[in-house]
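Read-outs throughout are calculated quantities, based only on the coordinates presented, and are distinct from any laboratory measurement. Values in this document were obtained by computation on a predicted structure and should not be read as measured data. All Cβ positions, even for glycine, are placed from backbone atoms using ideal geometry, and neighbour counts span all protein chains on display.
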Amino acid sequence: MHGAVVSGTCSAATMARARALGLQNVFDYRTTDLSKMRERFDVVYDTAATMTTALGLSLLREDGVFLDLDPTPGKFIRSVFNRRLKPIVCTPRPDILDSLAGTAEEGRFRMPIAEIVPLNEAIGLITALEAGRKLGGKGLVAMA
């Protein structure tokens, strides 16, 4: 949406879906050793929160930033001395959610939905996901 070239990792089985969502460069996380990649990035955003800080920082271009979803006190302290490390703590704001909804309505933001469950089945779905169940998209809880 903002003109970025987006790269990412996923399993070999979901690479076509990742490309269909707009990723230009897709790597199989099971066979790609990120520590040996020559390519460098402006932003590394570890959405799975499994990447080490050292690896995230090593994948950056000179002025790049590593967005870390697993903030710890140590990472916050380290980020004071290394401006390329950005621990992420966020709260959804209405203006951001409205912007996302508008973008989705326009068809510019696509999110594959794998399963919709009623509210009374939410705990079962969440429990299954925490136990390792894969959906192949997002699970939604219908509130009505």
- Query: For the residue pair ILE88 and LEU67, what label-to-label distance in nm results when each label sits 7 Å from Cα along the Cα-to-beta-carbon direction?
  - Reply: 0.4
- For VAL117 and ALA48, calculate 0.36 nm times their separation in residues minus their Cα-Cα distance, and state this gained length in nm to one decimal. 22.5 nm
- HN-Hα J in Hz across the range 120-128 - Karplus 6.51, -1.76, 1.60, θ = phi - 60°, x for Gly and Pro: 6, 10, 4, 4, x, 5, 4, 4, 5
- Return the whole-Å distance between the Cα centroid of the range 1-47 and the Cα centroid of the range 101-119. 21
- Message: If I histogram all Cα-Cα distances within the range 38-79 using bins 10 Å wide from 0, what percent of pairs lands in each bin?
- Response: 31, 57, 12, 0
- Sites ILE126 and ARG40, calculated FRET efficiency, Cβ-Cβ separation with R0 30 Å, nearest 0.05: 0.20
- Task: Determine the gain in length on full extension of the stretch THR31-MET1; use 0.36 nm per residue of separation and subtract their C-alpha separation, reporting nm with one decimal.
- Result: 7.9 nm
- For the ARG133, ALA104 Cβ pair and Förster radius 25 Å, calculated FRET efficiency rounded to 0.05 is 0.50
- Relative to the chain, whose Cα atoms define the longest principal axis, helix 94-105 and its Cα axis are tilted in degrees, nearest 10, by 70
- For the range 1-104, evaluate the Debye formula with one uniform point scatterer on each Cα (no solvent term) and list log10 I(q)/I(0) at q = 0.09, 0.11, 0.22 Å⁻¹, rounded to two decimals. -0.27, -0.41, -1.28
- Rounded to the nearest 500, what is the chain's calculated 222 nm mean residue ellipticity when only DSSP H runs of at least 4 contribute -39500 (n - 2.57) each, over all residues? -8000 deg cm²/dmol
